[in-house]
Amino acid sequence: MASGAEAPPRARGGASGAGSPRSRRGKPWVAGAVAVVLAGAIAGGLVVTLRPAPVDPVEQAARAFLDRYVAADGRVVRDDQGRDTVSEGQAYALLLTVAIDDPERFALVWDWTAANLQRDDGLLAWVWSEGEIVDAEPAADADLDAAHALFLAAERFAVPRYRSEGLRIARALLAEEVIEAGGRSLLVAGPWATEDFLVLNPSYFDPRAFARIGAETGDPRWGGLISGSYDVLDQLLDETALPPDWAVTNTDGVVNPASPPSDPGASAVYSFDAARTPVRMAVACDARGRALAARMWAPFAELDPGEIRERHDLGGTAAARGRHPLTLVGAAGAATAAGQDAAAATLLDEAGALDERDPTYYGAAWHALGRVLLTSDRLGGCPDDPLPTPGR
């Protein structure tokens, strides 16, 4: 769930300008390194000029988040939100440490997470503060991101236990955070989200993660989650220009935008949750997911970056005065899927500049994740044999 500084408390129960998107993963530049340039020969000697080497914006953004918010013990501290810790933040740090090939910091982050947040069933408690869990309910996006990161780290760092731990979370997620509705499998917001009605957060749907975990486990249910997620977004985008932060469905599979569970009287909007949706869809392993992300570009196509606000109504009209890096990154995801590489690069640069001017945990996390996902293959490509995803 979204946890930006400007975002309301989490509900319970309630390319870079230097290159085109999706560039191949290569050896990162090292910040502070120097390039030696031959300037000329004077009096039989060589004159050299030392000039800073180009900085890799992906590496820079990831390290900015990790260095700023990850404590020495591996806990991700939300400095701008009371210095608490949420499972989502731990999962983001796991993904980013894989992206920059930092096995030592990955181990610190995962070991802290497992020791302090992991429940007996394998899922992760949502909130920890002042030495204890203060909300033990899991959030499905954190469980999914953590399992995905563990599978990636098992391969990248050659640590077999990470795969075992990823399997444990993945099995618990299928058992407790997946429902059948209208003949399709859907990821609900958490175990709590099936108590009174079926609560969905479309920004939790991650077809790339579903595909990777499905390939690792050989379980066809992960393929069903891909197609079920696409069906939900198709339904929503047939009626709205942008997806909502929250939605509800019934056992027949009818989906509708919804207010946040913590504020039943509020309007359904596109903001601190939903803006993650176009990013996750833009890096899907199949054309149907990317096409859904491209549909979300239309409301932003004619806007300058400064006109993209932290909240828009579902028709695309700005519904707030404030700005946030996440909504810029979300627009960059939609632009990438629509083939608008220059626009995507500008939006990512603006997200980074905004985070630098007004640093927040959530803004820094999504500026970094946007760079990693949209402009690199640092989290690996798609599985060689993607799961079949029925589509139209």
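Quick notes on this structure:
- Residue in region 361-372 that is under 20 Å from Cys285 (Cβ atoms) and not aliphatic (A, V, I, L, M) present: yes
- Selection of first residues in region 69-85 that are farther than 14 Å from Trp126 by Cβ and of second residues that are of a type outside the set (D, E, K, R) and in a strand (DSSP E or B), restricted to Cβ pairs under 6 Å at least 6 apart or on distinct chains, gives the following pairs, ordered by first then second residue: Tyr69/Val76; Val70/Val76; Arg75/Thr85.
- Any hit, region 155-167, residues being touching a Ser or Thr at 6+ places or on another chain (Cβ under 6 Å) and surrounded by 19 or more Cβ atoms within 10 Å (Cβ to Cβ): no
- Selected residue (criterion: surrounded by the fewest Cβ atoms within 10 Å (Cβ to Cβ)) from residues of region 327-361 that are under 22 Å from Glu59 (Cβ atoms) and β-branched (Val, Ile, Thr): Thr346
- Residues located in region 43-66, provided they are crowded, with 16+ Cβ neighbours inside 10 Å, outside any loop (DSSP other than H, G, I, E, B) and at pLDDT below 95: none
- A single entry from Gly131, Gly122, Gly89, Gly74 fulfils the requirement of being modelled with pLDDT of 95 or more, closer than 21 Å to Asp273 by Cα and small (Gly, Ala, Ser): Gly89.
- Of all residues in region 163-175, those that are farther than 18 Å from Leu95 by Cα have Cβ atoms under 9 Å from Cβ atoms of residues that are among the basic types (Lys, Arg), 6 or more apart or on another chain, in Ala172/Arg119; Leu174/Arg221.
- The set of residues in region 253-292 that are touching a Gly at 6+ places or on another chain (Cβ under 6 Å) and either outside any loop (DSSP other than H, G, I, E, B) or among the hydroxyl-bearing types (Ser, Thr, Tyr) (or both) comprises Ser262, Ala275, Pro278, Val279, Met281, Ala282, Arg288.
The values are calculated or read from the model by the stated rules, or taken from the named source; none is laboratory data. Keep in mind the model is a prediction, meaning the values are calculated, not measured. Glycine gets a Cβ as well: all are built from the backbone with ideal geometry, and neighbour counts include every protein chain shown.
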